[in-house]
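So the structure is just underneath, and the comments pick up after that.
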There are 2 protein chains.
Amino acid sequence: LTTQFTISIVGLGLMGGSLALALRAAEQPRWREARLVGMARNKTTLAAAVADGAVDEGTSDLAQAVCEADLVVLGTPVRTILRLLPEVARHAKAGAVVIDMGSSKAAICAGMAELPARVQPVGGHPLCGKELAGYASAEATLYQGKVFVLCPLPNTSPDALRLAQDLALAIGARPLISDAETHDRAVAAISHVPYAAAAALVRAFAAGDEPLAWELASSGFRDTTRLAGSDVDMMLDILLTNRPAVLEWMDRLSGSLGEIRCALADGREDVLRDMLTLAQETRTNLAQRMKW
Amino acid sequence: LTTQFTISIVGLGLMGGSLALALRAAEQPRWREARLVGMARNKTTLAAAVADGAVDEGTSDLAQAVCEADLVVLGTPVRTILRLLPEVARHAKAGAVVIDMGSSKAAICAGMAELPARVQPVGGHPLCGKELAGYASAEATLYQGKVFVLCPLPNTSPDALRLAQDLALAIGARPLISDAETHDRAVAAISHVPYAAAAALVRAFAAGDEPLAWELASSGFRDTTRLAGSDVDMMLDILLTNRPAVLEWMDRLSGSLGEIRCALADGREDVLRDMLTLAQETRTNLAQRMKW
């Protein structure tokens, strides 16, 4: 049945696995009944995804995974996406739409811009990470209510963009169109640098060698450092492919931390109070706006 | 009935209010049936606590609140505790045990050491903050399973320390004895500096003026910055009374963040990978140990 709408999901980790499960649970028959072909290097993952019925077919061969697909979704770490893009374009059907789910977009969109015109690329980023990686952590509801950023390229056809938007809606996400550079600056601020801060806190904690701290760590430390438990390969790719924006926001964070330190060291209570009040009000506004 | 075991709770915010509610729900009759006198400046809070039955009596007068108490628990911000201590000692019954619930201990224990011998002080800190303050956020289960640090002074009697331990157990907490300085270094690492980091992240976010960041902020930013929503008066007191340890740990955090920045800026992928892996492993070990 090669006329059946076929989706190839490359990478069956948290993102790809959850996408497959979410499509199986989609309301519209077009998405729920699509033929899903999953690609993963790991044979155990492939076997589990096929056994679960998450995908109809599993393969470790990229050409086989994408050759019959109307839509190819790349769910691997960012630098693997960059490496796979030319190969996907070579093996995909003419007119196939190629979307990715990587957390930085400028490098991927630059790679997509160089693909031959026979495929229709759209950059994508659903904002729904958790600190657990792998197919075992996948869940059908991962994308529910989350923003799914789409970065169309100058030559992306309206139909291809519409398909990407429909995919986002089918899995319960909210599509939001942005250019890659604006996206990358925004996620540096709200995700990549918070990750770096969490990792830095845990490194300081580990180096500080204060045994009682291990006994007393409670919900505050748990939440502030949660992102430090993220998959290292994934985060390394993100940081290295979003370097300018991450460095810029890391400098903003260091400056902000330094100002708090100065006010505290100098005992300038009014200055310190103003800084902490601004942070408290901003955080409260954001929480209300986001319904946290 | 002045022979009834009487507990005075000074401050009926999140901590004091939750203490009253937890005592009402205690298993042992001694604690469940104790007479509770609550003190708060705010008349609405007092009326609510009396109406709820959280306390038997409410007053805004410190002398009246403590004069019949066998046990006085101070649940106000740290510098208010410091200010109230001499007054509590002056008005309390001879032999009364005085415990506090402030988040920094060195300054409070120094103040306690100067009290006349007629009262029995014990420094205390239950590790159960949440970012919401006030009596409206109080709950009977706040202390359940949480560590309750106790800092006995050199002249604290064994009976007074035992009463403090029994109080912690009565509300479902786990008493843990520490000296004030070790406590203060540990909570700087796991609470006060994570708060400063969260506030710094939110300040950088606010100053960065990146409108899309407001749309994309998701669970990672929510958790990493949760502590920035903490009550400013409370945190200001904590930072200013735990300055040396907070500054030391802020410098450790800045150093750790700077090392990550350097490795990223120089594209030293192996170094960056080692740093992030150490953070990931430490965070995972801690999460397992704490059953997060």
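Assorted remarks:
- Filter pass, A:GLN120 being among the polar types (S, T, N, Q) and either surrounded by fewer than 18 Cβ atoms within 10 Å (Cβ to Cβ) or at positive phi (or both): no
- Among the residues of the range B:123-148, those that are within 14 Å of the chain's Cα centre (by Cα), of a type in the set (A, V, I, L, M) and either open to solvent by less than 40 Å² (accessible area, probe 1.4 Å) or closer than 19 Å to B:ASP166 by Cβ (or both) comprise B:LEU127, B:ALA138, B:LEU142, B:VAL147.
- A:VAL50, sole failed condition from (1) within 27 Å of A:LEU236 (Cα to Cα); (2) over 23 Å from the mean Cα position of the chain (by Cα): (1)
- Close pairs from the range B:2-22: first over 14 Å from B:VAL37 (Cα atoms), partner surrounded by fewer than 24 Cβ atoms within 10 Å (Cβ to Cβ) and of a type in the set (Lys, Arg), Cβ under 8 Å, at least 6 apart: B:LEU14/B:LYS130
- The lone criterion from (1) open to solvent by 20 Å² or more (accessible area, probe 1.4 Å); (2) free of Cβ contacts under 8 Å to residues at least 24 places away in the same chain; (3) facing another protein chain (nearest Cβ under 7 Å) left unmet by B:LEU257 is number (1).
- Scope the range A:274-292; condition under 13 Å from B:ARG203 (Cα atoms) and either surrounded by 15 or more Cβ atoms within 10 Å (Cβ to Cβ) or facing another protein chain (nearest Cβ under 7 Å) (or both); matching residues: A:MET275, A:LEU276, A:THR277, A:LEU278, A:ALA279, A:GLN280, A:GLU281, A:THR282, A:ARG283, A:THR284, A:LEU286
- Looking across the range B:2-28 at every residue that is farther than 23 Å from B:ILE81 by Cβ and polar (S, T, N, Q), the one that is least open to solvent (accessible area, probe 1.4 Å) is identified as B:GLN4.
- Some residue of the range A:186-196 being open to solvent by 10 Å² or more (accessible area, probe 1.4 Å) and not hydroxyl-bearing (Ser, Thr, Tyr): no
- Take the conditions (1) buried (at least 22 other Cβ atoms within 10 Å of the Cβ); (2) more than 7 Å from chain A (Cβ to nearest Cβ); (3) closer than 18 Å to A:ASP231 by Cα; B:VAL271 misses just one of them, which is (1).
Each row is one residue, and each column tells you yes or no for (1) surrounded by fewer than 21 Cβ atoms within 10 Å (Cβ to Cβ); (2) farther than 21 Å from A:PRO194 by Cα; (3) of a type in the set (Gly, Ala, Ser).
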residue	(1), (2), (3)
B:GLY208	yes, no, yes
B:GLU215	yes, no, no
B:SER219	yes, no, yes
B:THR224	no, no, no
B:ASN242	no, yes, no
B:TRP249	no, no, no
B:CYS262	yes, no, no
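- Test: residue in the range B:165-185 that is of a type in the set (Lys, Arg) and free of Cβ contacts under 8 Å to residues at least 40 places away in the same chain: yes
- Residue in the range A:165-193 that is farthest from A:LYS105 (Cα to Cα), counting only those that are charged (D, E, K, R) and in contact with a strand residue (DSSP E or B) (Cβ under 8 Å, 6 or more places away or on another chain): A:ARG174
The values are calculated or read from the model by the stated rules, or taken from the named source; none is laboratory data. What you see is a predicted model; the values in this text were computed from it and never measured. Neighbour counts run over all protein chains shown; Cβ positions are idealised from the backbone, glycine included. Ligands, DNA and RNA are stripped out before the accessible areas are found, and what is left, the full protein with its side chains, is counted by its heavy atoms. Shrake-Rupley method; radii C 1.70, N 1.55, O 1.52, S 1.80 Å.
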